[in-house]
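Reviewing the structure listed below.
Values in this text are rule-based calculations from the coordinates and carry no lab data. All of these numbers come straight from a predicted model, not from anything done at the bench. We place every Cβ from the backbone using ideal geometry, glycine too, and count neighbours over all the protein chains shown.
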Amino acid sequence: MKMPLTFMLNNQQTTLEVDARQTLLEVLRNQGGMTSVHRSCEEGECGACTVLLNDEPVNACLVLAASVQGASVLTSEGLVKNGKPHPLMKAFTDELGIQCGFCTPGMLMNAYALINRAGDNLLTDQVIRKTLEGNLCRCTGYVNIIKSVHTAQKAKLAGEWW
Amino acid sequence: MKKREERLILGKGQYADDLAFFNMAHLVFVGSPHAHARIVSIDTKKALALPGVITVITGKEVAAHTRPLPVQANFTSKGWTWRLADVYAIPADKVRWHGEPVAAVVAEDEETARRAADLVEVAYEALPLAGDLRTALSPGAPKVYDDWEDNKQVHLVFDFGDPEKAFAMADQVLQVTNREGRVTGVPIEPRGCVGLYDTKNDTLEMWGSFQTPFLSRHNIAATLGVPEAKVKINAVDIGGAFGLKIHAWKENVVALASKLSGRPVKWMEPHRDFMATGPHQRDVFWDGTIAFKNDGTLLGLKATVFHDLGVESTNKGIAALSIFPACSSPTNMYKWVGMHVEGIGTVTNKSFYCAYRGYGKDKGIKFIEAAINQVAKKLHMTPEAIRMKNFIQPDEFPYHQINNYVLDSGDYPAVLNKAMEMADLDFFRKRKKELAGQGRYLGIGLVTAIEPAGVAVPNCQMGGITEARVLITPDGSVEVHSDRTEIGQGAEISHATIVADILGMDMAHIHVKRVTSDFIGQGPLSSRGAVYPASAVAKAAKLLRKKVVQCAGSLMKIPADQVVLEKGYIYPVNAPEKKISYAQFADKMFFFPGPRGLDPEILKAHDHLLDVTTTWYSPTTPESGSSYTSFCVSADIAVVEVDIDTGVTQIVKYVHVHDAGTIINAQVVDGQIQGGIVQGIGEALYEGLNYDENGQLMNTSFSNYLIPTSVEAPDIEIAHLETPSPFSETGSKGMGEAPIIGSKAVILDAIEDALSDFGIRVNDAPATPEKVRKWIRQASGQNQ
Amino acid sequence: MPDNSAGNSAIENSVMRNFIGSRAMPDLVYHSPKEISDLLSMVDAHGTSARVVAGCTDFIPSVRTGRWSFDQELNLIDISKLPVLNQIEKTDDVLKIGASVSLTRILESPEVKVHCPVLAQAVEQMASLQVRNTATMGGNICMASPAADTVPPLLVSDAWVIIQDAQGEHKVLLTDFFTGPGRSVLTSGQVLTHICIPVKKANEAAWFQKIGTRTAVIISVVSAAVRVTISNGVCDTARIALGSVAPTPVRVAEAEQFLEGKPLDDQVIAECARMAAQAISPISDLRSSKEYRKDVARTLVKRSILACREALK
């Protein structure tokens, strides 16, 4: 069943022609051009396709595109402002929370929502670890990812954030 | 300056799945549900009838249009058992493992290809299984390859030093056994590529997650029967590899599909395929006897290591080749009198065996470390005391080990001492005793290792020779080419750092180029990156620097040794104000070189061409036969607590001290260590590929092949020592695999220590909660 | 949360379909009713070609792995946009949770924290944040997996579900809901709309524990929930439920009865835990052997009762 899908994609109202059997992952990558949303397990186990759906992280591979009608979807492309990396992105590069880069966009989106939710409360390692449990990384051992999230939160508290 | 990381973080990665070509078709493999069966017939009519399906390729087409996968390592000449089979990427006669491809569907889009894959009808006649090593080796076992005498693929026998003398000198001997379960590397990104066969020129070009483009070109060209010169392989951004993306086999079918359909064809492997039909590793059983003196002096080893290789590798002979380092590496970092080690490799109806971080050299080290800790216990020595007694000393390098390895450099006692200091060993040993009275079980593990790195093996595709090119372009920027693909291990930033330092340039102007098959070398495998490609690049940059200095000296009318290269500028040492930028310099060299600018002798020798291509090969391998050039050093100490009622292990503290020679980029080295340690922890505690009695792989997804998440991964304390290697151009040593070796061994050792009251030998990885609990129940005589 | 439990993989093997790494999605007609009446008439009209989904976190993996396949076009009825099924309400002494409330909302709900904390305890240990954000308790129950982690806490809480169809509303005790792995009393034309839980009382404590091969994002090898009420130092009511030890999550009546009327001393607790483990006959599958399941069930029951005792001090 073909259908028009209208939703906010990275803060822009977007209408795409989709098929009801397409997942949000397929639509974002193939019709939406958001190739940072990475496809790996397609079963909601790895977190590489994590995007924010109405500000909450979800696995795009487990969401039917048809169900996001009228919703807002944010991918890591949407964090970039005027070509400049988001402070969260800068933290991941500075702390080398990125190695092969494949899990990174999903990791970024989950961390972005976490830091936003945390407000002024300083995040603990334990909370970061628990929140990122659904974003598998095989390269970093997570150490520098956790460091990156701390660094990013500091940037946010210093007012460098969008 | 992290060019690549900044690009990737902005979402500008170009991974295999992001490749899109005009008129591109999509390929999906159809796998066998049987582990061992004769293919009776394949009916593709229904699949072909589905709108959008272009073609279906079966074993018949593959046999008609390609050759068997080429032999990559063959050691028959030594008189050992070394069997090889004719293997195609898709078999025509019978399937030998669960998931083995029997057909490939090519369609306009991937979803259509996936649908059609369900419509390919294959009739099988099930065959009895050689499902595990014991069955496969038993007399009259079902044969995986009908034309082989039996299922034994490899039997290697090594004598290092004088094993008989070692045992004659011994006060005591101790038998030790160790088993490592079957695992896989599972980078988060599976394999994928696009093949484009140009029928006008009869050339093939491929883009994808190729860890070693040069080898892939050789093997794909040979399989398709196309001259190598007409094939080009391009690596794109790779989402992790760890050895699992070295060898091309399904990629041959993608190339063939492009050739047959005349269209670009893309294949992106589902992760489930990657586990079921991807490279597996470990799955070894060691049975050995270690000889030693009552004062703790180690003397010798007699051991056999059995490998369950799965089917004959799709990278023929390379799986068998991994038995070499398994047999050689037990010498680790100690002095020995002699060893006799036999390596047996058996084929079974499981997916094939190939490289994964460690490859084989990890196995011998893990075994000997476990054995030495047993010896220490028997002699009532601490694990550190027995090591200190047997370490090769700092003044003994280069040290010719009994197995021909030429150990390059290091201070083994210093590495261990540093680790003990950081781990606060005395505190935790006391704490263990305190908690013992409260029904809590703390354990301390201690392991030391060297990592043989930078491989060169004669008589196979891991030959070693490596090429690099560094050139300055007319606008003063620098191109760096080598075989070292970026798989997340920091290849680009390391190369850029090396070249920037040598040329006195800002890293912003150094462009490390995507790796293609144009540059010779085996890429980043066996921790070669910091040894071979880095040395080749450093050598090329040094030669280029010589040219720059010579030309600049001539231009500035000063002796070459008075030319300074710094921060992107070139100037006379006594007159910094006369500086010219690299751009100005390069412009002169390319477009206005003379005759009044440069010395005519330079022009005659064309030394003003700012382009150097060179090669590098180990200085120690040719004479010693040492397959490895550098040996980084590490010590791991872990403290764990075991919940004896559930069998669950918690990591309380983890310390890793490392000496990888000169550090090019500390963040990169730390990242390798942290990642490797967590992979090793996964192997020690959770990860296992288990086949059921029908040969079905039960762990085909992240929900049941359990790699550590951020919750299980511990905090890791790291310290570095830096003893440069005298044998690499930069003083660096390969280090990518050391962390996975020590971490697996140390966690198992720590669990054993935690369970010391029960007298349990923890010698069967992974030590899952269930297994730990089973050991405890057995040890305490409880039965359900 | 996909659950490749042994029962399902056995079905897959016996059919011996092609091994395909990831299967195509079926042709779908997507429905998103806004009213219960629309939902019920859609379910009724489409009969066996209808499938009700909320978070899709089980539906999509089941299709990708080939556990579920459909010969005809599927009418997918998404109940996640129905406001009435997306609420947590407390009326008198019952907590009523809509079938499409996400696990995250259950976890963060102040009502759940106060009135059924054991449920929140279980939900916190389920799947990943991403999955909890879309997966629902209704879905977890309807999938009828023996390993469903929300079920043992609901069983010990004496919860019931509300099922609606063209005939009206039906109340079914959760103990009567499951009929086997992946099977329940739910029939074509019916929708599970609410889960109802009696609220926690003052003299009451409940606890949930699970064991998996890994700590995080893990399907339970065994899960246990316990609820006890105490008066005058003696156990009044005891509820003990176990997951992943039988074709459905189960209560262990003998052990419950043993506990009732007794003081919660160490000896009684140990004996009760032993009886609970004795009462079950789990199977061996890819996640665990039956021996370990029995063994660890005892430890989990024991620890859960101890935790309840501690909470009631």
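For this structure, a couple of remarks:
- The range C:204-312, relative contact order [Cα under 8 Å, separation at least 6], %: 29
- GluC sites (Glu not before Pro) lying in DSSP loop within the range B:418-476, provided at most 12 other Cβ fall within 10 Å: none
- With the convex hull drawn around the C-alpha atoms of the range B:519-588, the volume per residue stands at 106 Å³.
- Distance in nm between pseudo-label sites at B:Gln650 and C:Gln267 (7 Å out along the Cβ direction from Cα): 3.1
- Within the range B:110-138, backbone nitrogen closer than 19 Å to the virtual label 7 Å beyond the Cα of C:Asp71 toward Cβ: B:115-122
- Placing a label point 7 Å from the Cα of B:Glu623 along the Cα-to-Cβ line, no residue of the range B:444-475 has its backbone N under 16 Å from it.
- Residue-count net charge about C:Arg239 - beta-carbon cut-off 14 Å; Lys, Arg +1, Asp, Glu -1: -2
- Within the range B:441-523, trypsin sites (Lys or Arg not before Pro) in DSSP loop having at most 14 other beta-carbon neighbours inside 10 Å: B:Lys513
- Size descriptors for the protein assembly as shown (Cα atoms only): Rg and Dmax, in that order, 31.2, 109 Å.
- Cβ-derived FRET efficiency at R0 30 Å, B:Glu421 paired with B:Asn294, nearest 0.05: 0.55
- Principal semi-axes of the equivalent ellipsoid, √(5λ) from the alpha carbon gyration tensor of the range A:2-76, are 17, 13, 11 Å from largest down.
- For the range B:266-401, the Rg and Dmax computed from alpha carbons only, in angstrom: 17.9, 63
- Placing R0 at 56 angstrom, the Cβ-Cβ distance between C:Asp158 and A:Lys154 gives a FRET efficiency of 0.70 after rounding to 0.05.
- When the Cα gyration tensor is reduced to axis lengths a ≥ b ≥ c, the ratio a/c is 1.5 or higher for chain B, and with a/b not above b/c it is classed as oblate.
- Nearest-0.05 FRET efficiency for B:Leu48 and B:Glu228, computed from C-beta distance (R0 30 Å): 0.35
- Overall shape of the range B:17-138 was characterised from the C-alpha gyration tensor. The equivalent ellipsoid obtained from it has semi-axes of 31, 19, 12 Å, in decreasing order.
- Whole-Å distance, taken between Cα centres, linking the range B:489-507 and the range C:280-308: 56
- Chain C - percent relative contact order, Cα under 8 Å, separation 6 or more: 15
- Relative contact order for the range C:21-81: 58 percent, from Cα pairs under 8 Å spaced at least 6 residues apart, divided by residue count.
- 222 nm mean residue ellipticity, helices alone, for the protein assembly as shown (DSSP H n ≥ 4; -39,500 (n - 2.57); rounded to 500): -9000 deg cm²/dmol
- Tensor-based shape of the range B:667-784 (alpha-carbon gyration tensor, a/c under 1.5 rounded, otherwise prolate or oblate): prolate
- With each label modelled as a point 7 angstrom along the Cα→C-beta vector, the A:Val127-B:Arg134 pair spans 5.2 nm.
- Chain C: C-alpha gyration tensor shape, a/c 1.5 cut-off, then a/b vs b/c: oblate
- Full extension of the chain segment joining B:Asp93 with B:Glu164 gains 20.7 nm, where the gain is 0.36 nm per residue of separation less the Cα-Cα distance.
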